[in-house]
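Have a look at the structure below, then the notes.
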Amino acid sequence: MPAVFVSTSNGVVSHELVKQLLERGCKILGLVGCATEGEALERELNSSNFSFEIVESLHKNKVCSEVLKRQEKMRFSADSLEKYSILPVTMKLETAEYTSSLASSRSGTSHNGQEDEELSVIEKEYPFPTEDRSIYAVSYNGQNDPAHPYNWPSSKKLVVCFAVTLTTLSISLGSAMFSEGGQQVQEEYHVGDTVSTLGTSLFVFGFASGPVIWGPLSELFGRRMVMIPTCFGYVLFTFAVASAQDIQTIMICRFFAGFIGGAGFVIGPAVLVDMFRVDKRGEAMSLFGIVVFGGPMIAPILGAFIAKNPHLGWRWTSYITGFVAALANILVVLFLEETHHPVLLVHKAAKLRARTGNWAVFAPHEEFTLTLREIAEKNITRPIRMLFTEPILFLVTLYNAFIYGILYLMLTAMPLIFEGRYHFRAGVGELPYVSMFLGVLVGAIILLFFEKRFKRIMKANNGAAIPEERLPPMMVGSFFFATGLFWLGWTGDYPDKIHWMVPTVGSSFIGCGLLLIFLPCLNYIIDCYLAFAASALAGNTLLRSAFGAAFPLFARPMFVNMHIKWASTLLGAFAVLMIPVPFGFYKYGKRARGKSKFTFP
């Protein structure tokens, strides 16, 4: 499909000539040394900037067969003709009769009968297009390619895991440690309890906003390119909180610390998925789950001792978090290599082009683009639509969001029980969080046993995963979680009759149930929705983070006004109502998936 400039021997370009060029597939870019026949045609050419749609292939023209081997569309203007070569091709075009009036207006001669016009075609010399580009597409050299993250040495994987895990830990510490300095923030800035609690809620709400941006960017540019600047940004905003001089700056920086730090919560598990195959992924995700839940349970203990220390105070809860995040950032810069499989192929293609000089070599990911509209569709519009139209996603996400809200609600409930009722001093009153964390570790061990069961079932099913087989640990965890809420509330409200160790043991059941519900829930969503898993998880993250941000705001009024046992009873009743969710989907999940347009049948 050539792009041409037109020059005729008689200096006139007629309607008929333009028509013939269009029929032969030419794209007219301009006129050289000639004028148009009539004002109508001139306006037409000017309005279209000398560009026409191709009607037919110009290969039908026998005279121009040599010129027409060029297929590229060329864009250049008449004032830069000297930059282009003129092909020595002349075409004899037989034109129809011109009307005497139109012809005489331009040339003064009659054009009755037939007349030959010479057409010079000016075209830039471009190389012929590649017939089959697929032969130049780079790929991995088989399943055992050492460049593939699946085949990296175990030592290398462990170092990368440590770097991303420490990053996630610093973020989870930051989400909860600040709350222990809430009383001092109230006294220093003369604000109420709700405002000081807002520091935690805004941080967690940032988790809901961040993944909308960081997830797609990591898919487009790679994990490392997004992880490094977001880690650095998290360090900056964390130190900004520590050095802030007014409550407004604290709240704004807390939100942006959560917004930017939320990248670690998205990219961290993505890195693990990049490095571990399906049969090893469960163990890696268990480690991630321990860090996600362990951080908010260990942070109050550290934060309480730091905040109550007269030489440190509430600001050092953010300084310590910032130091941990800075160390994690250094490790990420030094040891985190790119793990996203398509981006690694982009790097490979660039090296091959530089080494061979063959610029036809490419990686498929290089042709992938992502617009703001696509980001909004994939991470906002579609997730919300799926969340409220997909029964599986809505109910499982609702359960997941409820337990996540309870996790941050416990930041208020535990001190009320052990400091308010058992009169533990500050710092010691947070030690029962250790029991909850031990429950998380027990839950991780239980998950490993269920993971072996899942592998056996998958192997018996010809290697195909059955999503509903992710739910048995969730069934067990639902009973642990509900039991723990009743246990903690009813034993913790009678300090004069019940030893403090009894409610402490109850908190371990809550921790165990949290992990047994949370991770299988995410795995079930991924296995169900597959191609739409990113959108499904985005919807899950939005609702989950909203619950995590809201629950701390009403925790203190609820436990103070309703008393500990009845507030725990209310929460336990909701937990009991959620117990049928995993059982129902284990039995009817396949049928529900069959009726969905998003799920894997």
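We did not get these values from a lab; they are worked out from the coordinates using the rules stated. Note that the structure is a prediction, hence the values are computed from the model and not measured. Counting neighbours? That spans all protein chains shown, and the Cβs are built from the backbone with ideal geometry, glycine included.
Assorted remarks:
- Label-point separation in nm, T194 to H499, each point 7 Å along Cα→Cβ: 4.2
- Based on Cα contacts under 8 Å between residues 6+ apart, segment 380-601 shows a relative contact order of 35 percent.
- Between L570 and K156, the modelled label-to-label distance comes to 5.4 nm, taking each label 7 Å out from Cα in the direction of the beta carbon.
- When each of W214, W500 is scored by the number of other beta-carbon atoms lying within 10 Å, the sequence from fewest to most is W500, W214.
- Counting every other Cβ atom within 10 Å of each residue's Cβ, L344, L515, L441, L331 order from fewest to most as L441, L331, L344, L515.
- Taking each residue as 0.36 nm, the span from A137 to R453 lengthens on full extension beyond its C-alpha to C-alpha distance by 109.8 nm.
- Exposure proxy ranking, count of Cβ atoms within 10 Å, fewest first, for H148, H563, H499: H499, H563, H148
- Cα pair distances of segment 511-563 binned at 10 Å [whole percent]: 21, 35, 29, 12, 3
- Taking amide hydrogens as placed 1.01 Å from N in the peptide plane, the amide H of T339 sits under 5 Å from those of R223, R224, each at least 5 positions away in sequence or on another chain.
- Karplus-derived HN-Hα couplings along segment 310-321 (A = 6.51, B = -1.76, C = 1.60, θ = phi - 60°), whole Hz, x at Gly and Pro: x, 8, 10, x, 5, 4, 6, 5, 7, 4, 4, 4
- Comparing Cα centroids, segment 487-534 and segment 175-190 end up 26 angstrom apart.
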